1. Which one of GLY88, GLY161, GLY83, GLY140 is without any contact (Cβ under 8 Å) to a residue 40 or more places away in the chain, of a type in the set (Gly, Ala, Ser), closer than 20 Å to ASP177 by Cβ and in the same structural domain as ILE63 (by TED's automatic domain parsing)?
2. Determine which single condition SER58 fails, assuming it passes every other condition in (1) out of contact with any strand residue (DSSP E or B) (no Cβ under 9 Å at 6 or more places or on another chain); (2) at pLDDT 95 or above.
3. Residues that are in contact with a Lys or Arg (Cβ under 6 Å, 6 or more places away or on another chain) and outside the structural domain of GLY169 (by TED's automatic domain parsing): list the strands (runs of 3 or more DSSP E) wholly contained in region 1-49 that include at least 3 such residues.
4. Out of (1) touching a strand residue (DSSP E or B) at 6+ places or on another chain (Cβ under 9 Å); (2) at pLDDT 90 or above, what's the single condition that is false for ARG183?
5. Which of (1) crowded, with 21+ Cβ neighbours inside 10 Å; (2) in contact with a helix residue (DSSP H, G or I) (Cβ under 8 Å, 6 or more places away or on another chain); (3) under 30 Å from GLY261 (Cα atoms) is the odd one out, the single condition LEU201 does not satisfy?
6. Would a scan of region 238-254 turn up a residue that is touching a strand residue (DSSP E or B) at 6+ places or on another chain (Cβ under 8 Å), farther than 28 Å from LEU102 by Cα and either in contact (Cβ under 8 Å) with a residue 40 or more places away in the chain or exposed (fewer than 15 other Cβ atoms within 10 Å of the Cβ) (or both)?
7. Tell me which residues, restricted to region 144-158, are outside any helix (DSSP H, G or I) and touching a residue at least 40 places away in the same chain (Cβ under 8 Å).
Amino acid sequence: MKIRNHRLIRDDGSALAYLASPHAGRSISPRFLVLHYTAGSSAGGTVAWFCSPASRVSAHLVIARDGSVTQLVPFNREAWHAGQSRWGSLSGLNHHSIGIELDNAGCLIRSGGKWVSPLSRRSYPESEVTVACHRNDPPGTPPCGWHAYTPEQIEATLECGMALVDQYGLADVLGHDDIAPGRKRDPGPDFPLESVRARLLGRRDDHPERYRTTARLYVRSGPGPECAALPGTPLPPATVVEVLAKRGLWWEVDVVGEVNGVMDLVGWCHSKYLEAIGG
């Protein structure tokens, strides 16, 4: 993807979906990328709400669960996504950032034996839920369920983010929970923020989760046994991998070094056969 006239376009020059939100403020020179979850039940519903005169909220981009992208505000105009916020000496991050909303229900509660959104009351299967504590939670806080992001969303975030960093020279990639930690929890623990930040900004991930395989292990094209095994697998026991994303018990990993004659092997495997070895 690339950017022309502050709008996102495909590499072949064709336009992505664009629906103008009425909630766009003054001109900005963006310095940061801020990531959110919608806490809604569909990307279409979020886009419609952001375009409603009654909402008084917006974002520059909405990324659906299939990875499709809708833009609502030009990147050189303020979108109303951050609210009361601060990063370093800056306050009011709407005036300093580009906001991306990912279609995701966010924090889920257990009700009637199911994981349920407290807002929409929609239930989600175990395969779409990660049970974890939020990094900003006080010690002793019990874990809750978090709606899992899809691989397509992570890939779309990276593609959009790379275009934005290249065009505007963004200095950092932040979560809403970074800039409003007492008020917001998005994008939540299922989103691989450290890895996305590292890949977009060309930095080393300061806190990679490293694991060692405990048995011969197939790495697959997606999170499930029905997905194809990738060339170079199965990995031999004691192979070192770094975790990029988690979707329930299936984790996306980056294999460290060359294995079975294959370099840069990235895919999904079952976490049952991994043991932590520290950073």
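The values are calculated or read from the model by the stated rules, or taken from the named source; none is laboratory data. Keep in mind the model is a prediction, meaning the values are calculated, not measured. Cβ placement follows ideal geometry from the backbone for every residue including glycine, while neighbour counts extend to all protein chains displayed.
1. Going through GLY88, GLY161, GLY83, GLY140 in turn, just one is without any contact (Cβ under 8 Å) to a residue 40 or more places away in the chain, of a type in the set (Gly, Ala, Ser), closer than 20 Å to ASP177 by Cβ and in the same structural domain as ILE63 (by TED's automatic domain parsing): GLY88.
2. Going through the list (1) out of contact with any strand residue (DSSP E or B) (no Cβ under 9 Å at 6 or more places or on another chain); (2) at pLDDT 95 or above, SER58 breaks only (1).
3. none
4. For ARG183, the exception is condition (1).
5. (1)
6. In the first step, residues of region 238-254 are kept if they are touching a strand residue (DSSP E or B) at 6+ places or on another chain (Cβ under 8 Å); the result is 238-254.
Applying the additional criterion that residues be farther than 28 Å from LEU102 by Cα yields 238-240.
Add one more test, that the residue is either in contact (Cβ under 8 Å) with a residue 40 or more places away in the chain or exposed (fewer than 15 other Cβ atoms within 10 Å of the Cβ) (or both), and what stays is 238.
Yes: one or more hits.
7. Within region 144-158, the first condition is being outside any helix (DSSP H, G or I), and the residues that meet it are 144-150.
Hits for region 144-158 are TRP146, HIS147, ALA148, TYR149, THR150.
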